[in-house]
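Only one structure is covered here, and it is reproduced in the block below.
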Amino acid sequence: MIVAPSILSANFNNLNEEIKSINHGNVWLHCDVMDGHFVPNITFGACVIKNIKKDFDLFMDVHLMITDPYKYAIDFCNAGADLITYHYEAVKEEDIDKTISYIKSLGVKVGISVKPNTDIKVLDKYLKDIDLVLVMSVEPGFGGQKFIDSALGKIRYLKETKDKNGYKYFIEVDGGINHETARLVKMSGCEVVVAGNYIFNSDNRKEVINDLQNI
Ligand code: DX5
Ligand code: ZN
């Protein structure tokens, strides 16, 4: 699997070294952007991503947990995002298509994320057009929460739908990932795992990343 360490769990006073410590093999850098409105927490914005991208040749996986992704997507794109994932719940149904094509027009990949209580089938009509689906296996807002099992059924559904229709999207899961939950999501068809606490709290980050990559 592709592993996407979430810098939300990093020490921001030493971000350069923290990123070096997780830069092993094919990793994406998962950047959790929170606005204190869509979720009850505030993190960082485009300037942090811009500075990281200057020093690291990493795939920047930007997870926007914000109320107005349409308005701010351009800032993250200019900062060096390679993938911008926004939340289905943040955008009015009639604006979902417009937001997908707008983000694509900026020259980056586009993903849509669903919270644990959102039915995965709401994405059916968009699946042919997007590059990634991000299944939240915790309530967005904080790292270090317990994996919610209902994510597994969503991943299986996405995998079956992808195979049946020849769709191209990646299936990514975010929240509560450790060795055991990574094994479960992989068996269900997941291709990219986000992990924050499990990687950054470990004594041997390289080994943990390598283990997740080889599950
Ligand atoms: C939560 C974030 C996650 C978080 C995952 O809202 O989207 O990316 O960093 O953290 P862990 O892996 O600790 O659950
Ligand atoms: Zn995230």
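Hey, can you find the accessible area per residue of the chain for me, probe 1.4 Å, expressed in square angstrom?
44 Å²
Extending each Cα 7 Å along its Cβ direction at Lys104 and Lys128, get the distance between those two points in nm, one decimal.
Result: 1.1 nm between the two label points.
What part of the accessible area of the chain, given as a whole %, is carbon or sulfur when the probe is 1.4 angstrom?
48 percent
Note down the magnitude of the dipole of the chain about its Cα centre, charges +1 on Lys and Arg C-beta and -1 on Asp and Glu C-beta and zero elsewhere, to the nearest 20 debye.
Here the chain has a charge dipole of around 380 debye.
How charged is the neighbourhood of Ser202? Take every other residue with its Cβ under 13 Å from the Cβ of Ser202, and add Lys/Arg as +1 and Asp/Glu as -1.
-2
Remind me, relative contact order of segment 60-108 in percent, using alpha carbon pairs under 8 angstrom and six or more residues apart?
Result for segment 60-108 is 45 percent.
So for segment 59-215, averaging the separation of alpha carbon pairs under 8 Å that are six or more residues apart and normalising by length, what relative contact order in percent results?
16 percent.
At a Cα cut-off below 17 Å, give the aspartates and glutamates reachable from Lys154, other chains included and same-chain residues fewer than 8 away excluded.
Glu89, Asp119, Asp124, Asp131, Glu139, Asp163, Glu172, Asp174, Glu191
Among the DSSP beta bridges whose two residues both lie in the chain, what percent are antiparallel, rounded to the nearest 5?
The antiparallel fraction comes to roughly 5 percent.
Take His179, His30 and sort them by solvent-accessible surface of the protein heavy atoms, 1.4 Å probe, largest at the top.
Greatest to least solvent exposure: His179, His30.
Which shape class applies to segment 48-151: rounded if a/c is under 1.5, otherwise prolate when a/b exceeds b/c and oblate if not, where a ≥ b ≥ c are the square roots of the Cα gyration tensor eigenvalues? Don't skip to the answer; put the middle values down first.
Numbers: a/c = 1.94, a/b = 1.22, b/c = 1.59.
Oblate.
Tell me, what HN-Hα J-couplings in whole Hz come from the Karplus equation 6.51 cos²θ - 1.76 cosθ + 1.60 at θ = phi - 60° for each residue of segment 168-178, using x for Gly and Pro?
Per residue, the Karplus-derived 3J(HN,Hα) values read 10, 5, 7, 10, 10, 10, 9, x, x, 7, 9 Hz.
Do the alpha carbons of any pairs in Lys121/Lys164; Lys125/Lys159; Lys115/Lys159; Lys115/Lys162; Lys104/Lys206; Lys115/Lys186 sit beyond 25 Å of each other, and which pairs?
Among Lys121/Lys164; Lys125/Lys159; Lys115/Lys159; Lys115/Lys162; Lys104/Lys206; Lys115/Lys186, the Cα-Cα distance tops 25 Å for Lys104/Lys206.
Whenever you get a sec, line up Lys154, Lys164 from highest to lowest accessible area (probe 1.4 Å, protein heavy atoms).
Descending order: Lys164, Lys154.
Mind running the shape call on segment 1-111? Use the C-alpha gyration tensor, a ≥ b ≥ c as the square roots of the eigenvalues: rounded below 1.5 for a/c, prolate if a/b tops b/c, oblate otherwise.
prolate
Ordering Arg183, Arg156 by how much accessible area each has at a 1.4 Å probe, largest first, what is the list?
Largest accessible area first, the list is Arg156, Arg183.
Take every DSSP beta bridge whose two residues both sit in segment 34-128, then give the antiparallel share in percent to the nearest 5.
Around 10 percent antiparallel, to the nearest 5.
The values are calculated or read from the model by the stated rules, or taken from the named source; none is laboratory data. What you see is a predicted model; the values in this text were computed from it and never measured. Backbone-built Cβ (ideal geometry, glycine too); neighbour counts: all protein chains shown. We work out accessible area using only protein heavy atoms, side chains counted, and drop any ligands, DNA or RNA first. Shrake-Rupley method; radii C 1.70, N 1.55, O 1.52, S 1.80 Å.
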